[in-house]
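I have placed the structure first, in the form of structure tokens, so that the comments after it can refer back to it.
The values are calculated or read from the model by the stated rules, or taken from the named source; none is laboratory data. Computed from a predicted model, the values in this text were never measured in an experiment. Cβ placement follows ideal geometry from the backbone for every residue including glycine, while neighbour counts extend to all protein chains displayed.
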Amino acid sequence: MKLIVPIKQVPETSNVKMDPETGTMVRSGVEQIINPLDLYAIEAAIRLKEKFGGEIITLTMGPPSADKALREAIAMGCDRGILLSHKDFAGADTWSTSYVLAKAIEKIGDYDVIFCGERATDGDTGQVGPGIASWLKIPFLTYVSGIDQTNQETMTVERNVEAGYQILKIQKPCLFTVVKEINFPRLPTLKGKKKARDIEIPTWTPQNIDVDPENLGLNGSPTRVVKISKPKVSREGEKLMPESDQEIEDSVGKLIEYFEKLEII
Amino acid sequence: MSEYNQVTSEIVKELRGLLGNRNVIYEDKAKLETYSHDEVDDEEYAHMPEVVTKPANAKEISKIMKLANRENIAVTPRGAGSGLSGGAVPITGGIVLSLERMDKILEIDEDNLVAVVEPGVITNNINELLAEKDLFYAGYPMSVESCFIGGNVAENAGGGRAVKYGVTGRYILGLEMVTPEGDIIQLGGKRVKDVVGYDFVKLMVGSEGTLGIFTKIIIKLLPLPRHTVNLLILYKDIETAINMVPRILTKSDKTPTAIEFMDKESVLLVYKYLNEHLPLKGAEALLLIELDGNDEELMEKAYQSIGDVCLNSGAIEVYVADSATTRERVWKMRRNIPEAIQTYSEIKSSEDIVVPIANIPDLLVKIRKIAAQNNVDIFCFGHAGDGNIHSSIVKKPGTEQANWEENLEKTRREIFQETAKMGGTISGEHGIGHKRKKYMKDIMDSATIELMRRVKLAFDPNNILNPGKIFDIEEAK
């Protein structure tokens, strides 16, 4: 089986600081990591390969330093990586990004399954996975939480929905975006790290893939960021701290009144 | 001497006059209860304070101490209450002096590589601020998100990075302190060298709140290493794992910042607790090794060589965690072991023994034997790289409570005896407090304890500050 895992390098955001002036993230000194949710996609691909054999190709679009993310994915168990990096790609929104990734995947060709993370922790859109599938005109499922069966032509998977699980059968080739429940991502091994250090990762530019220059980068992106603002959180509340019996009774009365106003009771 | 006066409503009024109403807690049982214990599980070590005070500066503390001496009331200083020896517990009632309001980072002096902080600053917050300036404070207790720097100094906290960086004391250059009699004194300063008179800074570090209350702490800073790598190494048995520790320390080019040990039982509990799973591949023991440095290539070479040595001497697998995600994942496992054990059995005692590093394999074998003989479970984890093994003696679910107390006492004594035989001692970083007080005589000769008592009385002639901790004054007479 030929499995493809598009990943994204994102800033480590557990301790993120915002610039109060511009409303954007302070990026200096922030470590770049694989989008944590992509790790589940990588693991899902590795497990499928362990079962059925084949090859896993991981790819990312980003600056030259994004090569580090590909090496980490290779250290985990992907076979090879492709870096899509060129100034013309820069500033792409989800539409343009999924276009370029789809074109690169088309060039790789002959794939069975594409695994994506649910969304990236920085942009938080969840659009690139489905976008790739749309460009490639292949079926896709989002929020996949388990893989039940894999046959020559089809796969049966579990999908997380609000009320429970759906079990769905899908025609290959197809694309999945996976959720955390699907597995526990492995850690890279010493051997994997060594392999990843030594491997050559090709860089593809617009010249390497069959793309329309009109669709690339900031200029090719229909999305325009007009303004970034921080939502104001405002809470109003009243603290009732009754001590005497009378106060407790009054407080209960107040609570009932409040709930009735909100039509909770 | 042990007879202290009660806190009367007149005294409370005076305290309120000094500190303001809202900074004195009195008669509010729910609020006082918080200050009656630290993180020692056993309720027998807890005790309610009569009044809790929250001073804002050295002058207020000085006034409280003078009042306490005048009225003969005990004062127990308290940081975040995350201690593990009962050190912050007011065992004679009296006044708890909480430093929670003194929580300011006063100065970061980049030219001198020092910072001046108040005792109530959360240690982790210091490092978050310093990281922006590419600096760090090397003290790293495991309760990173809660403990106060003041408590770290009082206990001479150790923690995860001691193998390379040593413990808290190495980074304390100076203190402003209120003596038990209420004098405000300055010890040390922003100086690397200082041999004028006795080294009182060193004496204060680890004095467990019995000799003075720190009001300003001058800490030494280091440039922040740019890269950190962790290796998680799986071993088929404890002996092979632990035998590697001295080898890694003596033979590798780079001194690890940490070498942590976890037995399989601890790891399985933490998997359940955190909903985590990494394949153990049949391992019985794990080592977590951390390296830091600035040159990425050198770091790669160093971890590769340590990893190769481990694989060539019996390791099943070596995992590499060198990104923020994976590093946090492996340390989260290690940090959460105490909480995970709590979910297995709430009745337990956390021990903090330390032995010379070469003795760790022997000690762990002995501990397992002692556990089996006394019908208790013992989970072992901790700082293998500095010989400080945390062993949690846990009541086997389903065994009788009465037997447990007897078994615990016997187990503890036997472990301490074995530890002593190996040249080890009963606490590496948690302190004596009042939890381990009765074992002092087993581990230290009486002449030394007597000297310590005299030091205590020189600082605190009325035995007002944190009485009944480390040793009892009365026995001296």
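A few comments on the model shown:
- Annotation note: of A:Gly220, A:Gly164, the sole residue that is of a type in the set (Gly, Ala, Ser) and surrounded by 10 or more Cβ atoms within 10 Å (Cβ to Cβ) is A:Gly220.
- Count of segment B:274-291 residues, restricted to those that are more than 10 Å from chain A (Cβ to nearest Cβ), under 15 Å from B:Thr326 (Cβ atoms) and among the charged types (D, E, K, R), is 1.
- Highlighted here are the helices (runs of 4 or more DSSP H) found entirely within segment B:367-477 that include at least 3 residues which are touching a residue at least 40 places away in the same chain (Cβ under 8 Å): B:401-421, B:446-459.
- Extreme residue, surrounded by the fewest Cβ atoms within 10 Å (Cβ to Cβ), among residues of segment A:75-101 that are out of contact with any helix residue (DSSP H, G or I) (no Cβ under 9 Å at 6 or more places or on another chain) and part of a loop (DSSP other than H, G, I, E, B): A:Ala90
- The single condition from (1) part of a strand (DSSP E or B); (2) within 21 Å of B:Asn275 (Cβ to Cβ) that A:Ile167 fails is (2).
This table checks each residue for (1) more than 14 Å from chain B (Cβ to nearest Cβ); (2) within 20 Å of A:Leu59 (Cβ to Cβ); (3) β-branched (Val, Ile, Thr).
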position	(1), (2), (3)
A:Asn151	yes, no, no
A:Glu158	yes, no, no
A:Gln166	yes, no, no
A:Gln171	yes, no, no
A:Phe184	no, no, no
A:Lys191	no, no, no
A:Ala196	no, yes, no
A:Ile199	yes, yes, yes
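- Qualifying residue in segment B:293-313 (condition: within 28 Å of the chain's Cα centre (by Cα) and not in a loop (DSSP other than H, G, I, E, B)): yes
- Annotation note: of A:Glu43, A:Glu50, the sole residue that is buried (at least 19 other Cβ atoms within 10 Å of the Cβ) and either without any contact (Cβ under 8 Å) to a residue 12 or more places away in the chain or assigned to a helix (DSSP H, G or I) (or both) is A:Glu43.
- Candidates B:Gly188, B:Gly206, filtered to the one that is under 26 Å from B:Asp134 (Cα atoms) and not β-branched (Val, Ile, Thr): B:Gly188
- Restricting attention to segment A:186-208, the residues that are in a loop (DSSP other than H, G, I, E, B), in contact with a Leu (Cβ under 8 Å, 6 or more places away or on another chain) and surrounded by 15 or more Cβ atoms within 10 Å (Cβ to Cβ) total 4.
- Hits in segment B:345-386 - residues which are buried (at least 18 other Cβ atoms within 10 Å of the Cβ), at pLDDT 90 or above and of a type in the set (Gly, Ala, Ser): B:Ala371
- Scope segment B:215-247; condition more than 14 Å from chain A (Cβ to nearest Cβ), closer than 18 Å to B:Tyr165 by Cα and outside any strand (DSSP E or B); matching residues: B:Leu221, B:Val245, B:Pro246
- Evaluated against (1) within 30 Å of A:Arg47 (Cα to Cα); (2) within 14 Å of another protein chain (Cβ to nearest Cβ), B:Glu265 falls short on exactly one condition, (2).
- Reported count of residues in segment B:310-332, each being within 11 Å of another protein chain (Cβ to nearest Cβ) and in contact (Cβ under 8 Å) with a residue 24 or more places away in the chain, is 13.
- Residue within segment A:83-91 that is more than 14 Å from chain B (Cβ to nearest Cβ), free of Cβ contacts under 8 Å to residues at least 40 places away in the same chain, under 24 Å from A:Asn208 (Cα atoms) and acidic (Asp, Glu) present: no
- Set side by side, the residues A:Asn160, A:Asn208, A:Asn183 differ, and just one is touching a strand residue (DSSP E or B) at 6+ places or on another chain (Cβ under 6 Å) and either outside the structural domain of A:Pro130 (by TED's automatic domain parsing) or not hydroxyl-bearing (Ser, Thr, Tyr) (or both), which is A:Asn160.
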